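Peer 1: I'd like to ask some things about the structure below.
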Amino acid sequence: MTGTILGAPDIGRALTRIAHEILERNEGHEDIVLLGIPTRGVPLAQRLAANLAEVEPGFDATQRIGALDITMYRDDLRSQPTRTIGATTLPSVGIDGKVVVLVDDVFHTGRTIRAALDAIKDEGRPRAVQLAVLVDRGHRELPIRADFVGKNIPTSRTERVDVHLAETDGEDAVILTGGHA
Amino acid sequence: MSAPIVITNVSLYGDTPSDLVLVDGQIASLDAADAPADARTIDGSGLVALPGLVDLHTHLREPGREDAETIETGSRSAARGGFTAVHAMANTTPTADTAGVVELVASRGREVGLVDVYPVGAVTVGLNGTQLSEMGAMANSRAQVRVFSDDGKCVHDPLLMRRALEYVKTFDGVVAQHAQEPRLTEGSQMHEGLVSAELGLAGWPAVAEESIIARDVLLAEHVGSRVHICHLSTAGSVEIVRWAKSRGIQVTAEAMPHHLLLTDESARGYDPRFKVNPPLRTQEDVDALRAGLEDGTIDIVATDHAPHPDEDKDCEWGAAAFGMIGLETALGIVQKTMVDTGRLTWRDVARILSETPASIGRDEAHGRPLAVGEPANVTLVDPADAWTVEPAATDSRSNNSPFGGIELPGRAVATFLRGTPTYVDDRFTALTEGASA
Amino acid sequence: MKHLLGTDGLSREDAVLILDTAGQMAATQEREIRKLPTLRGRTVVNLFFEDSTRTRISFEAAAKRLSADVINFSAKGSSLSKGESLKDTALTLQAMGADAVVVRHWASGAAQRLAESGWLHGSVSVLNAGDGTHQHPTQALLDAFTMRRHLMGAAVGDDVTGKGLDGLTVALVGDILHSRVAGSNIALLRTLGANVVVVAPPTLLPYGLEERGEVAVHYTLDDALEAHDLDAIMMLRVQRERMTGGGSGFFPSPEEYTRLFGLDRARMDRLTDHAIILHPGPMNRGLEISAEAADSPRSVIVEQVSNGVAVRMAALYLLLSGEEASA
């Protein structure tokens, strides 16, 4: 099964559902901050924040959102081309004592999230860290799981999952390619 | 004495084809029909015969730096380069500033027997620039020194230079000046210009050479002596020598193969193989040197063959020694830069690489015509045998050639010193086989 | 990037990448926990053939903040007393498993020679921390970083990411001839789009600088202040040994130098309001710069030091991460 797996309406519905799940799990929006992992985790976090604010008008998106660049915490720096380091911006309310919801587009081996957990540790001490992803494609290499998943997509290792977002790519779509082992 | 040799159908001076019959150290005939029955014959077709080449400026390093070169290895390299005579510079350890040292060098040269080694005597004791060495003793020794030079250092003191110029008249000697104003070149590493500014290397300005040459030609005129300018390297120097000659001043000048081919751009990689003194200059200087050689302003080409062991070159530029080897590449570079460009004929090459250097150095047995009854000092050149320079493959003990990887159009393929082959190319092994058996 | 040998061969793209990366590094240095795990397990050797405590500790701090192991290796030597050769030192470092060598050397070209000679096999990166009178690229980069932060950010929030130094006019004052800081700065400033003004006595200008016409040249500081609205002025250190004596001096006396080239209160007051004052340090107070100028609010001299760590972190990161480096 290759091609476009999710279209714009699917992505919109998934994010709306995740927003509700976050509120439900945490019994409200108190203490919640969202940290997007660049590149596409950042616009996803912004959309989630907007959804949260829609449901809970008391949620001030501008103060509760940030970006967490994990480049310097990766464990594969030597086996990939040099990566450009992105900006880390913490929410203006900070992360100490808060519930940090990490937001990323594709959840795969878990190594990105491992790096993100290390990065958070150097930035402060949240009360809890949770994980929201648009797509979970499996093949975990570390004992990490997501708290909120937009869509589980079973894949083979040779396949490729690309998330396109209007903010970065001009359209909303999740595309599966490859798979010829 | 070697067996008689006949070289058939060889082009004398690049002109008329002729034969050369070498018997008992002399040119016995120009007709193969006159050859003795036991003569070995080689085919000279396509080759140019020149009188054996003479290098007025060689560093053989012995005594003192036998790790860089010895009289034996240097002689072998010279013979392979087509030379039958070399003038060995005085900056050895001990300095060649006494009759004893110059006789040692000359006799070691004779023992080796591959080229005639003419020692150059130091102008000042220990090259220290303060006290004249006993030049008369060296001139009258068995080495019969006629060329005196503090090469490596400039005879900077004007009064001392005047005295030296006057004094060598006693025995028809000549002072060969290393023209380098010392104060203007303190700490210098390369030619002072745009490249040195970019590379952050202390500059060796052209004026430091030109000001000394200007002074010395005026001194030579004043005292009526002859003066020889070593390794002339700048366009301004060519101008000054041209002017001096036009006034009738007895000045001769030499250019080095590397200054005819390479420029200061070569320093960009900080590879010390390109570090030499005087330094590689600009393209404008290269062009002026070629023009000066063409019009006779520059009299000769000499090598400034300056061997250095690897450790003095495989290092950072600032710590590296100045100098490059050049005996085996000189002829090919002269062909590339002067003959193949139409500026000089092979007859001119005979003049600048044999006749005139022999005459400046008063080497009576060298630079003679290729004619019956003359000494059989002969170099055969194959002007069509293009080759790529491999520094490690030379006969010099050192590898510090800047020409590695450069293709040269031709080379010496056989060298005869008084009729004896001192170097022969693989194609002529018949000449040496059996000779040693 | 494999090596950082000079700014003359640095593209604008790479220069801006280093500055942008330095910006992110600087942000991490404002946190409580400043250490990053990025270069864990990598070994950085500080190889210093010349004393320079400032530069060495800056590189050391940068490497340690990125969790690299640091080995300090000082090999004294000069053109006169050779000491251990660069080649033998290189072989030693190779054997110790260095991933990067930060080299300070008295010989111009030493860093390039180390990188290109083949003495270091494989993947060792070379960072030039000052070679003779040639280049000192990280100093120029930290100067550019400091200028960009102060002079390019004000108009549009504070985000200077991706920007050069376009349109700025920057003066370098002092010993241009022997200064590797000047050498690196002139090349980098031009690459980043700044106008360069050079102020020095003619004895301290490199051959051909004026003729090339790439920079404006003035023989006194007053002339330069008259002719240009400077955005930044960089006072170079006057080396004592360059001054006078034995007919080799480049100018007659320290007093005359100060009169013609020193940055004092009166000259500082002629600068535009936003102009900043830089100095690579260590300063000769009272010679090239007065205490009033050095300690004025325009002075960013102390900030240059902290920016130096961020820039060196960026350089180490860019050289040591990436598959090329591990090949």
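The values are calculated or read from the model by the stated rules, or taken from the named source; none is laboratory data. Here the structure is a predicted model, which means the values were calculated and not measured. Here Cβ is always computed from backbone atoms with ideal geometry, including for glycine, and neighbour counts include all displayed protein chains.
Peer 1: Can we say C:T161 is farther than 23 Å from C:E241 by Cβ, touching a Gly at 6+ places or on another chain (Cβ under 8 Å) and not assigned by TED's automatic domain parsing to the domain that holds C:K87?
Peer 2: Spelling it out, C:T161 is indeed farther than 23 Å from C:E241 by Cβ, touching a Gly at 6+ places or on another chain (Cβ under 8 Å) and not assigned by TED's automatic domain parsing to the domain that holds C:K87.
Peer 1: A further question on this structure: Which of the residues that make up the range B:192-247 are touching a residue at least 60 places away in the same chain (Cβ under 8 Å), under 30 Å from C:G6 (Cβ atoms) and among the hydrophobic types (A, V, I, L, M, F, W, C)?
Peer 2: Of everything in the range B:192-247, those that are touching a residue at least 60 places away in the same chain (Cβ under 8 Å), under 30 Å from C:G6 (Cβ atoms) and among the hydrophobic types (A, V, I, L, M, F, W, C) turn out to be B:V195, B:L199, B:L201, B:W204, B:A206.
Peer 1: Please verify whether B:G367 is in a loop (DSSP other than H, G, I, E, B) and either modelled with pLDDT of 95 or more or closer than 28 Å to B:L262 by Cα (or both), treating the condition exactly as stated. Step through it out loud before you land on a result.
Peer 2: On the way: in a loop (DSSP other than H, G, I, E, B): yes; either modelled with pLDDT of 95 or more or closer than 28 Å to B:L262 by Cα (or both): yes.
In short, yes.
Peer 1: Determine which single condition A:D69 fails, assuming it passes every other condition in (1) in contact with a Pro (Cβ under 7 Å, 6 or more places away or on another chain); (2) touching a residue at least 40 places away in the same chain (Cβ under 8 Å); (3) more than 12 Å from chain C (Cβ to nearest Cβ).
Peer 2: A:D69 satisfies all of (1) in contact with a Pro (Cβ under 7 Å, 6 or more places away or on another chain); (2) touching a residue at least 40 places away in the same chain (Cβ under 8 Å); (3) more than 12 Å from chain C (Cβ to nearest Cβ) except (3).
Peer 1: Additional query: Go through the range B:264-284 and give me each residue that's buried (at least 24 other Cβ atoms within 10 Å of the Cβ) and closer than 19 Å to B:C230 by Cβ.
Peer 2: Answer for the range B:264-284, where residues must be buried (at least 24 other Cβ atoms within 10 Å of the Cβ) and closer than 19 Å to B:C230 by Cβ: B:K275, B:V276, B:P278, B:P279, B:L280, B:R281.
Peer 1: Let me confirm something: among B:D385, B:D312, B:D340, which residue is under 30 Å from C:W119 (Cα atoms), surrounded by fewer than 24 Cβ atoms within 10 Å (Cβ to Cβ) and over 13 Å from the mean Cα position of the chain (by Cα)? Talk me through it step by step, then tell me what you get.
Peer 2: Details: B:D385 fails: under 30 Å from C:W119 (Cα atoms); B:D340 fails: under 30 Å from C:W119 (Cα atoms).
Of the residues listed, the single one that is under 30 Å from C:W119 (Cα atoms), surrounded by fewer than 24 Cβ atoms within 10 Å (Cβ to Cβ) and over 13 Å from the mean Cα position of the chain (by Cα) is B:D312.
Peer 1: Kindly list, by first and then second residue, each pair from a residue in the range B:118-129 that is surrounded by fewer than 22 Cβ atoms within 10 Å (Cβ to Cβ) to a residue that is assigned to a helix (DSSP H, G or I), limited to pairs with Cβ atoms under 9 Å and residues at least 6 apart or on different chains.
Peer 2: Cβ pairs passing all conditions: B:G129/B:L160.
Results for (1) of a type in the set (A, V, I, L, M); (2) touching a residue at least 60 places away in the same chain (Cβ under 8 Å), shown as yes or no for each residue.
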| residue | (1), (2) |
| --- | --- |
| C:L142 | yes, yes |
| C:R149 | no, yes |
| C:M152 | yes, no |
| C:D166 | no, no |
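Peer 1: Among the candidates A:G28, A:G12, which residue alone is surrounded by fewer than 21 Cβ atoms within 10 Å (Cβ to Cβ), more than 14 Å from every other protein chain (Cβ to nearest Cβ) and not in a helix (DSSP H, G or I)? Show your work before the answer.
Peer 2: Values: A:G12 fails: not in a helix (DSSP H, G or I).
Within the list A:G28, A:G12, the selection yields A:G28.
Peer 1: Evaluate the following for A:P57: is it in a loop (DSSP other than H, G, I, E, B), more than 14 Å from chain C (Cβ to nearest Cβ) and either under 17 Å from A:D147 (Cβ atoms) or in contact (Cβ under 8 Å) with a residue 40 or more places away in the chain (or both)? Walk me through how you get there before you give the answer.
Peer 2: Values: in a loop (DSSP other than H, G, I, E, B): yes; more than 14 Å from chain C (Cβ to nearest Cβ): yes; either under 17 Å from A:D147 (Cβ atoms) or in contact (Cβ under 8 Å) with a residue 40 or more places away in the chain (or both): no.
For A:P57, the condition - in a loop (DSSP other than H, G, I, E, B), more than 14 Å from chain C (Cβ to nearest Cβ) and either under 17 Å from A:D147 (Cβ atoms) or in contact (Cβ under 8 Å) with a residue 40 or more places away in the chain (or both) - is not met.
Peer 1: Within the range B:332-356, how many residues are closer than 14 Å to B:L289 by Cβ and among the polar types (S, T, N, Q)?
Peer 2: 2
Peer 1: I'd like to verify a number: residues in the range B:49-84 that are assigned to a strand (DSSP E or B) and of a type in the set (S, T, Y), how many?
Peer 2: Of the range B:49-84, the ones assigned to a strand (DSSP E or B) are B:49-51, B:53-58, B:83-84.
Within this subset, residues satisfying the condition of being of a type in the set (S, T, Y) are B:58, B:84.
Matching residues across the range B:49-84 total 2.
Peer 1: Filter the range C:24-49 down to the residues that are part of a helix (DSSP H, G or I) and more than 8 Å from chain A (Cβ to nearest Cβ) and list them by number.
Peer 2: Step one: of the range C:24-49, the residues part of a helix (DSSP H, G or I) are C:24-28.
Answer for the range C:24-49, where residues must be part of a helix (DSSP H, G or I) and more than 8 Å from chain A (Cβ to nearest Cβ): just C:A26.
Peer 1: Is it the case, given these coordinates, that B:V372 is on the phi < 0 side of the Ramachandran plot and assigned to a helix (DSSP H, G or I)?
Peer 2: no
Table: residues versus (1) surrounded by 13 or more Cβ atoms within 10 Å (Cβ to Cβ); (2) at pLDDT below 95; (3) more than 14 Å from chain C (Cβ to nearest Cβ).
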| position | (1), (2), (3) |
| --- | --- |
| A:G86 | yes, yes, no |
| A:S92 | no, yes, yes |
| A:F107 | yes, no, yes |
| A:A115 | yes, no, no |
| A:G124 | yes, yes, no |
| A:G170 | no, yes, yes |
| A:H180 | no, yes, yes |
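Peer 1: Among the residues of the range C:15-27, are any touching a residue at least 40 places away in the same chain (Cβ under 8 Å) and closer than 24 Å to C:S108 by Cα?
Peer 2: Yes, the conditions are met somewhere in the range C:15-27.
Peer 1: In the range A:32-48, is there at least one residue being within 14 Å of chain C (Cβ to nearest Cβ), surrounded by 15 or more Cβ atoms within 10 Å (Cβ to Cβ) and touching a helix residue (DSSP H, G or I) at 6+ places or on another chain (Cβ under 9 Å)?
Peer 2: Here is the first cut: in the range A:32-48, the residues within 14 Å of chain C (Cβ to nearest Cβ) are A:38.
Imposing the further condition that a residue be surrounded by 15 or more Cβ atoms within 10 Å (Cβ to Cβ) reduces the set to A:38.
From what's left, touching a helix residue (DSSP H, G or I) at 6+ places or on another chain (Cβ under 9 Å): A:38.
Within the range A:32-48, one or more residues are within 14 Å of chain C (Cβ to nearest Cβ), surrounded by 15 or more Cβ atoms within 10 Å (Cβ to Cβ) and touching a helix residue (DSSP H, G or I) at 6+ places or on another chain (Cβ under 9 Å).
Peer 1: Now, a different point. Output the residues belonging to the range B:179-191 that are over 20 Å from B:R273 (Cβ atoms) and either in contact with a strand residue (DSSP E or B) (Cβ under 9 Å, 6 or more places away or on another chain) or not assigned by TED's automatic domain parsing to the domain that holds B:T303 (or both).
Peer 2: Taking the range B:179-191 as the starting set, the residues that turn out to be over 20 Å from B:R273 (Cβ atoms) are B:179-187.
Scanning the range B:179-191 gives B:A179, B:Q180, B:L184, B:T185.
Peer 1: Hey, which of the helices (runs of 4 or more DSSP H) in the range C:67-178, taking only ones fully inside, have at least 2 residues that are under 22 Å from C:S306 (Cβ atoms) and more than 10 Å from chain B (Cβ to nearest Cβ)?
Peer 2: Values: elements: C:86-95, C:110-116, C:137-151.
In the range C:67-178, C:137-151 are the helices (runs of 4 or more DSSP H) which contain 2 or more residues that are under 22 Å from C:S306 (Cβ atoms) and more than 10 Å from chain B (Cβ to nearest Cβ).
Peer 1: Somewhere in the range C:24-43, is a residue over 28 Å from A:T88 (Cβ atoms), in the same structural domain as C:A129 (by TED's automatic domain parsing), surrounded by fewer than 14 Cβ atoms within 10 Å (Cβ to Cβ) and not hydrophobic (A, V, I, L, M, F, W, C)? Walk me through how you get there before you give the answer.
Peer 2: Pass one, the range C:24-43, residues over 28 Å from A:T88 (Cβ atoms): none.
Taking every residue of the range C:24-43 in turn, none turns out to be over 28 Å from A:T88 (Cβ atoms), in the same structural domain as C:A129 (by TED's automatic domain parsing), surrounded by fewer than 14 Cβ atoms within 10 Å (Cβ to Cβ) and not hydrophobic (A, V, I, L, M, F, W, C).
Peer 1: Could you check how many residues of the range B:182-230 are away from chain C (no Cβ under 12 Å), more than 23 Å from the chain's Cα centre (by Cα) and acidic (D, E)?
Peer 2: Qualifying residue count for the region: 1.
Peer 1: Quick check on my filter: what residues within the range B:397-416 are among the charged types (D, E, K, R) and either within 16 Å of the chain's Cα centre (by Cα) or not in a loop (DSSP other than H, G, I, E, B) (or both)?
Peer 2: We begin by selecting, within the range B:397-416, every residue among the charged types (D, E, K, R); these are B:397, B:407, B:411.
Answer for the range B:397-416, where residues must be among the charged types (D, E, K, R) and either within 16 Å of the chain's Cα centre (by Cα) or not in a loop (DSSP other than H, G, I, E, B) (or both): B:E407, B:R411.
Peer 1: Tell me which residues, restricted to the range C:98-126, are over 21 Å from C:V181 (Cβ atoms) and among the basic types (K, R).
Peer 2: Residues satisfying the conditions do not exist here.
Peer 1: Only one of these is modelled with pLDDT under 95 and touching a strand residue (DSSP E or B) at 6+ places or on another chain (Cβ under 7 Å): A:P57, A:P38. Name it.
Peer 2: Within the list A:P57, A:P38, the selection yields A:P38.
Peer 1: If you don't mind, another one. Being among the charged types (D, E, K, R) and either under 19 Å from B:I325 (Cα atoms) or within 14 Å of another protein chain (Cβ to nearest Cβ) (or both) is the filter here, so list the residues in the range B:249-296 that pass it.
Peer 2: Filtering the range B:249-296 down to residues among the charged types (D, E, K, R) leaves B:254, B:264-265, B:268, B:271, B:273, B:275, B:281, B:284-285, B:287, B:290, B:294-295.
B:E254, B:D264, B:R268, B:D271, B:R273, B:K275, B:R281, B:E284 - these are the residues of the range B:249-296 that are among the charged types (D, E, K, R) and either under 19 Å from B:I325 (Cα atoms) or within 14 Å of another protein chain (Cβ to nearest Cβ) (or both).
Peer 1: Could you give every pair whose Cβ atoms fall below 6 Å, whose first residue belongs to the range B:364-379 and is outside the structural domain of B:A350 (by TED's automatic domain parsing), and whose second residue is acidic (D, E), counting only separations of at least 6 or pairs across chains?
Peer 2: Pairs that qualify, where the first residue is outside the structural domain of B:A350 (by TED's automatic domain parsing) and the partner is acidic (D, E), are B:G367/B:E355; B:R368/B:E374.
Peer 1: Now for a separate question. How many residues are acidic (D, E) and either crowded, with 19+ Cβ neighbours inside 10 Å or under 20 Å from B:V21 (Cβ atoms) (or both) if we restrict to the range B:397-424?
Peer 2: First, pick out the residues of the range B:397-424 that are acidic (D, E): B:407.
Checking which are either crowded, with 19+ Cβ neighbours inside 10 Å or under 20 Å from B:V21 (Cβ atoms) (or both) leaves us with none.
Count: 0.
Peer 1: Applying the selection to the range B:315-327, what residues are within 14 Å of chain C (Cβ to nearest Cβ) and either over 29 Å from B:L353 (Cβ atoms) or buried (at least 24 other Cβ atoms within 10 Å of the Cβ) (or both)?
Peer 2: Within the range B:315-327, B:C315, B:E316, B:W317, B:G318, B:A319, B:A320 meet the criteria.
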